Structure formats: C-alpha cells, structure tokens
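Accompanying notes for the structure given below.
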Amino acid sequence: MWTQMIEAWSSLYSDHAALRTAVEFVHIAGLVAGGGCAITADLATIAVGGDAASRTAAVRLLEGTHRIVLLGLTALFLSGGLLLAADVETYWPSRLFWIKMALVAVLLVNGALIVRTEGQAEAGQPHAVARLHTLAITSLLLWGLTTLVGTALPNLG
Ligand code: HEM
C-alpha cells in the first residue's frame, strides 16, 4: 500500500510544476521563517551585554520566537517528507540525505537545550547566560550547515 501511495505521489509531483513549486516553496518558507527567527534570536543572545536588563530582554526575545521556529520546523518536516517521497530512490540511499537528517536531529536537541537554559538564565542560575551564548553559536552553525547540505541535495543527491 505504501509503495503504491509513494509511486502515485512521485508521478503526480513530477507531472505538475505548480505542485513542485508549492512543496519547495513551503520548504524554503519554513527555513526563512523558522530559521530566520532562530538566527535573529541567536544573534541577540550572542550580542547581549552582561547587565541584567539586557539579559532579560534577550531571554524575552528568545521566548517570543519559539512558536515561529516550531511552525517553521513543522513546515520543513512536512514538505521535506513530501520531497523525500517524491524521489525515494535518490534520497533514501543518499549519504548526504542522512547527514542532513543527523544535522536536523542535533539542531532539534540544541533547540531544546536553549529552551531549558533560558529558564535557568531567567532564574539567575550561574553560568546559564554563558551556556546560552554557546548554544546560540551552535544553533547558528547548525542552521547554516543544514541549509548548505539541503541545497547540495538536489544537485549532489
Ligand atoms: C532545519 C531543517 C531543514 C533545512 C534548513 C532544510 C533546507 C533545505 C534546502 C535549502 C533545500 C534545497 C532546496 C532547493 O534547492 O530546491 C532542501 C532540499 C531538500 N530537503 Fe530540506 N531542509 C530541512 C529539513 C528537511 C527534512 C526534515 C527533510 C526530510 C524529511 C528534508 C528533505 C529535503 C529534500 C528531499 C530536499 C531535496 C529537494 C529537491 O529534490 O529539490 N529537509 N532542504
């Protein structure tokens, strides 16, 4: 049953340019919205001064972006699954695809650590702001690397 569904989706996808455009648009829009918000919050966290007021402002900004980042990631996963199903023969055996999935997994874990460390920073836990700083730099690198590997996928497969 799955094979038939994937075959039907794959031929629908390859026969309709508007559908291909729509799915790829959702993938890129998820990256722009989710990744864009995450990167903005990361840069604010990195730029934050040592004083309590700017620390609180940075943590508030981070909190405000989570919903958009989660929406963006949901769009990336749903459209990503459709992109994968449209060409399983190419992507399932692709080492590059699984490197990308590993990067996405690390990016999600890092994101969960940011949420947890935010609470610790707000509670004034020692070194929490320094940890948040390191997690923000890691998040920046992971979004950049995942986008690079994602862009390479259609070309290097
Ligand atoms: C943070 C998460 C992700 C980022 C930043 C990301 C980024 C990208 C980018 C920039 C592209 C190139 C688009 C193009 O040139 O047309 C791409 C393609 C692709 N992505 Fe993702 N992606 C993410 C998550 C996922 C997930 C979770 C999946 C699968 C479940 C996935 C599957 C794919 C596939 C199969 C392609 C190739 C599409 C094609 O053949 O044109 N991506 N991704």
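The values are calculated or read from the model by the stated rules, or taken from the named source; none is laboratory data. Because the structure is a prediction, the values reported are computed rather than measured. Virtual Cβ from ideal backbone geometry, glycine too; neighbours counted across all protein chains shown. The area values use the complete protein model at the heavy-atom level, side chains included, leaving out ligands, DNA and RNA. Shrake-Rupley method; radii C 1.70, N 1.55, O 1.52, S 1.80 Å.
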So, first residue near the ligand (Cβ under 10 Å from one of its atoms) in the stretch 22-36, second residue among the acidic types (Asp, Glu) and modelled with pLDDT under 95, Cβ within less than 7 Å, six or more apart or across chains; the pairs are none
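Condition check ((1) farther than 20 Å from Leu140 by Cβ; (2) of a type in the set (A, V, I, L, M); (3) buried (at least 16 other Cβ atoms within 10 Å of the Cβ)) across all residues:
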site: Ala8; (1), (2), (3): yes, yes, no
site: Glu24; (1), (2), (3): yes, no, no
site: Ala41; (1), (2), (3): no, yes, yes
site: Trp92; (1), (2), (3): yes, no, no
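Let's see how each residue does on (1) open to solvent by 60 Å² or more (accessible area, probe 1.4 Å); (2) under 17 Å from Trp143 (Cα atoms):
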position	(1), (2)
Ala53	yes, no
Arg60	yes, no
Val69	no, yes
Leu78	yes, no
Gly81	no, no
Ala85	no, no
Phe97	no, yes
Val106	yes, yes
Val109	yes, yes
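Against the definition (within 13 Å of the ligand (Cβ to nearest atom) and under 17 Å from Arg67 (Cα atoms)), how does Leu19 come out, yes or no? Spell out how you get there, then give the answer.
Values: within 13 Å of the ligand (Cβ to nearest atom): yes; under 17 Å from Arg67 (Cα atoms): no.
When the stated conditions are applied, Leu19 does not pass them.
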Restricting to the stretch 48-88, count the residues that are part of a helix (DSSP H, G or I) and at pLDDT below 80. 13
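Residue check: is Glu118 in contact with a Leu (Cβ under 7 Å, 6 or more places away or on another chain) and more than 30 Å from Ser94 (Cα to Cα)?
Details: in contact with a Leu (Cβ under 7 Å, 6 or more places away or on another chain): yes; more than 30 Å from Ser94 (Cα to Cα): yes.
Yes, satisfied.
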For Leu156, the lone unmet condition from (1) surrounded by 14 or more Cβ atoms within 10 Å (Cβ to Cβ); (2) touching a residue at least 40 places away in the same chain (Cβ under 8 Å) is (1)
